[in-house]
Amino acid sequence: MAADVCLLTDAFDPASELAAFTKAHPAAGGIASFLGQVRASAEDSEVEALELRHYGPLTLPAMRDLAERTLGRWTLEGLLILHRSGEMQPGDPIVLVAAASRHRREAFAAAEFAMDHLKSESWFWKREKVAGAWRWIEPREQDFEDIARWV
């Protein structure tokens, strides 16, 4: 079983992506998904935009490696990892992770594992625009704690 891993520069429709993923895996008894989107506020300020940059030769291969590690850890019918880069507006989808399995526990765990690693091993540099000025966003301590529990 191969995972569907995509690094996108254009917007995607999470509902249609999830519907297509679900249809492609009719043997799955459980499908768990996570959608990350650009928040409208940060630290009591209005977010005007979010930009994600990445190093092309590393990002997609690393995302594919993450998918292989996820598939090696759980018995899945399918795995979907979509991630945007570029400039986005509040409410725009950034990332969609979905896992399909015969039973719900594997789907939940696989989706959470993949998302925790996407966030913590991040191959993306993130900055947000607030009050007309761009500022870089550093990883949070919680991100490192999230990934540490999978060791």
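The values are calculated or read from the model by the stated rules, or taken from the named source; none is laboratory data. Predicted, not measured: the structure shown is a model, and the values here were computed from it. Reconstructed Cβ throughout: ideal geometry from the backbone, glycine too, with neighbour counts over all protein chains shown. Please note that ligands, DNA and RNA were not included when accessible areas were found on the heavy atoms of the full protein model with its side chains. Shrake-Rupley method; radii C 1.70, N 1.55, O 1.52, S 1.80 Å.
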_What's the total number of residues in the stretch 33-47 that are aliphatic (A, V, I, L, M) and either out of contact with any Asp or Glu (no Cβ under 8 Å at 6 or more places or on another chain) or on the phi > 0 side of the Ramachandran plot (or both)?_
1
*Write out, first by first residue and then by second, each pair whose Cβ atoms fall under 8 Å of each other, whose residues are 6+ apart or on separate chains, and whose first residue, in the stretch 1-20, is more than 16 Å from THR59 (Cα to Cα) while the second is in a loop (DSSP other than H, G, I, E, B).*
MET1/LEU76; MET1/GLU77; ALA11/ASP92
*If we keep just the residues of the stretch 5-33 that are acidic (Asp, Glu) and closer than 16 Å to VAL97 by Cβ, which is most open to solvent (accessible area, probe 1.4 Å)?*
ASP13
*Where in the stretch 42-151 are the helices (runs of 4 or more DSSP H), entirely inside, with at least 1 residues that are hydroxyl-bearing (Ser, Thr, Tyr)?*
56-73, 104-120
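Residue-wise test of (1) closer than 16 Å to ALA111 by Cα; (2) of a type in the set (D, E, K, R); (3) modelled with pLDDT under 95.
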| site | (1), (2), (3) |
| --- | --- |
| VAL5 | yes, no, no |
| LEU8 | no, no, no |
| HIS25 | yes, no, no |
| SER33 | yes, no, no |
| ALA40 | no, no, yes |
| SER45 | no, no, yes |
_For the stretch 50-94, which positions are among the hydroxyl-bearing types (Ser, Thr, Tyr) and closer than 20 Å to ALA11 by Cα?_
TYR55, THR59, SER85
_Counted residues, the stretch 67-88 - those being under 26 Å from GLU51 (Cα atoms) and among the acidic types (Asp, Glu)_ = 1
_Looking at LEU82, LEU52 in this structure, which one is of a type in the set (A, V, I, L, M, F, W, C), out of contact with any Ser or Thr (no Cβ under 6 Å at 6 or more places or on another chain) and at pLDDT 95 or above?_
LEU82
*Taking GLU141 as the residue in question, decide whether it is surrounded by fewer than 18 Cβ atoms within 10 Å (Cβ to Cβ) and either modelled with pLDDT of 95 or more or within 15 Å of the chain's Cα centre (by Cα) (or both).*
no
*Taking interchain pairs and intrachain pairs at least six residues apart, which have beta carbon atoms under 9 angstrom, with the first residue in the stretch 23-38 and under 30 Å from GLU51 (Cα atoms) and the second polar (S, T, N, Q) and open to solvent by 70 Å² or more (accessible area, probe 1.4 Å)?*
VAL38/GLN89
*Number of the exception - ALA2 against (1) in contact with a Phe, Trp or Tyr (Cβ under 8 Å, 6 or more places away or on another chain); (2) of a type in the set (A, V, I, L, M); (3) open to solvent by 20 Å² or more (accessible area, probe 1.4 Å)*: (1)
